[in-house]
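What follows is calculated from the coordinates using simple rules that are stated; it is not laboratory data. None of the values given here were measured: they were computed from a predicted structure. Cβ: placed from backbone, ideal geometry, glycine included. Neighbour counts: every protein chain shown.
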């Protein structure tokens with residue numbers, strides 16, 4: 001079975017450490033990856049605006065036709081998801097995703113939201129990392145250090161869209 005090739009596509013794992021992968025015919029299974037880190041300030045608005053400004057730089061540089069962003073939601077009886085919602089983190093993340101979507105539309109890109117269950121099923125971060133490494137033989141710790149787990153997710157989203165995760 002032939003895999004679907006991605007061209008001019010960004011895949012995004014949003015959050016205070018937003019990971020972005022840019023896919024094209026030239027990159028093949030080795031997308032260009034970026035890790036956007038929120039500033040260490042208490043003001044959530046400043047954090048979100050800073051991340052959005054950095055995201056817009058990437059969107060303006062690559063002019064993607066499609067951006068696939070991991071969707072936000074409460075995931076059933078998941079204790080971590082419910083605790084996040086009680087702290088307000090889920091709603092803050094939803095606002096950040098909305099800001100990213102606005103940037104995409106301003107630059108003419110289509111947006112697809114992809115639920116975690118739809119791209120990775122029940123795989124945890126360790127399994128996603130190993131699957132990504134097996135598919136493209138890349139170790140993102142070399143480029144992104146301790147927060148590379150987010151980069152593995154953004155790359156995993158792309159591999160999933162191609163049907164090869």
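Cα centroids of region 1-41 and region 45-66: 12 Å apart.
Kindly identify region 113-163 as rounded, prolate or oblate by the Cα gyration tensor criterion: order the square roots of the eigenvalues as a ≥ b ≥ c, call it rounded if a/c is under 1.5, otherwise compare a/b with b/c, prolate if a/b is larger, else oblate. Spell out each step's value before the answer.
Working: a/c = 1.83, a/b = 1.57, b/c = 1.16.
Prolate, since a/c reaches 1.5 and a/b exceeds b/c.
Springs join every pair of Cα atoms under 10 Å in this Gaussian network model of the chain, and among 52, 33, 112 the largest mean-square fluctuation is at 112. The label point for residue 24 and the one for residue 57, both projected 7 Å from the Cα toward the Cβ, are 1.8 nm apart. The calculated 222 nm mean residue ellipticity attributable to helices in the chain amounts to -15500 deg cm²/dmol, summing -39500 (n - 2.57) over DSSP H runs of n ≥ 4 and dividing by all residues. Restricting the calculation to Cα atoms, the chain yields a radius of gyration followed by a Dmax of 15.1, 49 Å.
Out of all DSSP beta bridges in region 9-162, what portion is antiparallel? Express it as a percent rounded to 5. Intermediate results must be reported in sequence, preceding the final value.
Working: 11 of 20 bridges.
Taking every DSSP beta bridge within region 9-162, about 55 percent pair in antiparallel fashion.
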